[in-house]
Structure formats: C-alpha cells, structure tokens
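Enquirer: Got a structure for you, written out below as structure tokens; questions coming shortly.
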Amino acid sequence: MKVKAIIERGKDGSYGIYMDNDDLDFGLLGEGQTVKEAMEDFLVSKEEMKTLYADQGKIFPELEFVYQYDTASFLEYYSHILSLVGLERLTGVNQGQLSHYLTGRRKPSEKTVQKIQQSLHRFGEELQHLEFA
C-alpha cells in the first residue's frame, strides 16, 4: 500500500514527517534536526507499530512510503546538491524568492510549487535518458 509521508520543516528549524492516510487505523510520526534524522525516526516509529501489531496478533500492512516535501524542506535538504542559482536556471523562479522559501520567510503559491516541481521532474527525466559515450 502506498502511503504519503509529508516532510515539513518546523519554525525552530527541525523536521517532522507524518503519514497522510485515512485508510489505516494508526499514524506514524518522525522528528529530527535534519530530514535524515526525521526519516530514521519515522522508520523507527513504523517498526514500533509493526511490533505492537505482532504482539496483538495482527498483521501489519506492507507500506511503501511516498515522501512529499514542503518547498522549504526540499530546498534545505537538497541545498548541498542544487544551488539557488542552478534552481533559478532550471525553474525560472528568482533565486531571491527561492531564498525566501528556503528560510521560511515566505511560502510559494500553489502555481509556483507546481512550476518548481514540474521543472525538477523534467530535469530528472533528462538525466534518466542521459548516456555517456
């Protein structure tokens, strides 16, 4: 079962991950100072729930997590790989605006979120078809 796992950066700079699924009778949470720590804590939460299910004689569902970032969390998490200058070139969104999204001073509109996401998906598709001679 595919389950959305939403990654968000808190006002204090820490990260949280939570499940977005109404079909299950439990929820999972993860917290950390980095996205990686939050993911690790999230997966610990999953293992704890799996153990609880086993203790109660229940079958724990097979879960496949689809991680979804808020814009600020994505920009921070990938900032060591993708510069704001590079993202501006890819997306057409001004790096000053991207910086505001990264720091949480502003939130992008839904239209801007879609623009960033679609640009990154196109770039990913280009990379998938790349071959070296």
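What follows draws every value from the coordinates through simple rules; no lab data is involved. Quantities reported herein were computed from a predicted structural model and do not represent experimental measurements. Here the Cβ is made from the backbone with ideal geometry for all residues, glycine too, and neighbour counts use every protein chain on show.
Enquirer: Only Cα pairs within less than 10 Å get springs; with that Gaussian network setup on the chain, which residue of 25, 70, 41 has the largest fluctuation?
Expert: Its mean-square fluctuation being the largest, the pick is 25.
Enquirer: In the P(r) worked out for segment 21-86, what percent of Cα pairs fall beyond 14 Å?
Expert: 68
Enquirer: On to the next question. By how many nm would the segment from residue 80 to residue 114 grow when fully extended, if each residue of separation counts as 0.36 nm and the alpha-carbon distance is taken off?
Expert: Answer, rounded to one decimal: 10.0 nm.
Enquirer: What is the distance in Å between the Cα centres of segment 10-64 and segment 86-111?
Expert: Between the Cα centre of segment 10-64 and that of segment 86-111, the gap is 29 Å.
Enquirer: In debye to the nearest 20, how big a dipole does the chain give about its Cα centre with +1 on each Lys and Arg Cβ and -1 on each Asp and Glu Cβ?
Expert: Magnitude of the dipole: close to 700 debye.
Enquirer: So what is the 222 nm mean residue ellipticity for the chain from helices alone, if each DSSP H run of at least 4 adds -39500 (n - 2.57) and you divide by all residues, rounding to the nearest 500 deg cm²/dmol?
Expert: Dividing the helical sum by the residues of the chain leaves -15000 deg cm²/dmol.
Enquirer: Can you spot the lysines whose alpha carbon is less than 23 Å from residue 46's alpha carbon? Ignore those fewer than 8 places along the same chain.
Expert: 2, 4, 36, 58
Enquirer: Taking the inverse of the average 1/r across all pairs of different Cα atoms in the chain, what Kirkwood radius in Å do you get?
Expert: Result for the chain, one decimal place: 16.6 Å.
Enquirer: From zero up to wherever the largest Cα-Cα distance of segment 88-127 sits, split into 5 Å bins and tell me the percent of pairs in each.
Expert: Whole-percent P(r) values from 0 Å outward: 6, 25, 30, 24, 10, 5, 1.
Enquirer: Which of 92, 6, 59 sits closest to the plus end of the dipole of the chain, meaning its Cα is farthest towards the positive end, when Lys and Arg get +1 and Asp and Glu get -1 on the C-beta?
Expert: Of the listed residues, the answer is 92.
Enquirer: What do you get for trypsin sites (Lys or Arg not before Pro) in segment 54-133 restricted to DSSP loop and a cutoff of at most 16 other Cβ within 10 Å of the site's Cβ?
Expert: In loop regions of segment 54-133 (DSSP not H, G, I, E or B), the sparsely surrounded trypsin sites (Lys or Arg not before Pro) are 58, 105, 106.
Enquirer: Can you run phi through the Karplus equation (6.51, -1.76, 1.60; θ = phi - 60°) for segment 105-118 and list ³J(HN,Hα) in whole Hz, with x for Gly and Pro?
Expert: Coupling constants for segment 105-118: 5, 9, 10, x, 5, 4, 4, 5, 4, 5, 4, 5, 4, 5 Hz.
Enquirer: Something else about it: Taking every DSSP beta bridge that has both residues in the chain, what percent is antiparallel when rounded to the nearest 5?
Expert: Around 60 percent of the beta bridges assigned by DSSP in the chain are antiparallel ones.
Enquirer: Which of the aspartates and glutamates could a cross-linker span from residue 11 if the Cα-Cα distance has to be under 18 Å and same-chain partners fewer than 8 positions apart are dropped?
Expert: 31, 37, 70, 76
Enquirer: Rounded to whole Hz and in sequence order, give me ³J(HN,Hα) for segment 45-55 from the Karplus expression 6.51 cos²θ - 1.76 cosθ + 1.60, θ = phi - 60°, writing x for Gly and Pro.
Expert: For segment 45-55, the Karplus-derived couplings read 4, 4, 5, 5, 5, 4, 5, 4, 4, 4, 4 Hz, x marking Gly and Pro.
Enquirer: May I ask you to derive the relative contact order of segment 1-126, considering only C-alpha pairs under 8 Å and at least 6 residues apart, and to give it as an integer percent?
Expert: Answer for segment 1-126 is 22 percent.
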